[in-house]
Amino acid sequence: MLESQAIIGETDMLQTMQQDALRLAGKALDEFDVTDSTEIACFIKKEFDKSYGPGWQCIVGTDFGSFVTHHCGCFIYFNIGSLAILLFRGAAAPEADTGLLVATEAVKA
């Protein structure tokens, strides 16, 4: 039930995908110690890869900065307690040729 304590900072995800991210973060925090940020990130990333296809990236910690390029509709940054979670589907370069829209976000945990 830790996901009920989540505070979303930035997102462009659909509501259902946001709820999946929060639910999986809560599940990861139930399974792993809060200090094991790598395992938490790995769990969330793998679950999103299974549910929404490959290419998801997840960063978890208490102090980090980021500036990422991501597919539109595939970005969320939220906090649960003092832990910040950044989850996004990455894009290597602007994909004008494929018709996919790409956005850039900056966050500071």
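Read-outs throughout are calculated quantities, based only on the coordinates presented, and are distinct from any laboratory measurement. These numbers were taken from a predicted model, which means no experiment stands behind them. Every residue, glycine as well, gets a Cβ built from its backbone with ideal geometry; the counts of neighbours run over all protein chains shown.
Quick notes on this one:
- Set of region 61-76 residues, backbone N closer than 14 Å to the point 7 Å along the Cα-Cβ line of residue 5: none
- Computed on region 1-87, the Cα convex hull volume stands at 87 Å³ per residue.
- Karplus-derived HN-Hα couplings along region 67-79 (A = 6.51, B = -1.76, C = 1.60, θ = phi - 60°), whole Hz, x at Gly and Pro: 8, 10, 9, 9, 5, 4, x, 10, 9, 8, 10, 8, 10
- Inter-label distance, nm, simple model (7 Å from Cα along the C-beta direction), residue 62/residue 23: 3.0
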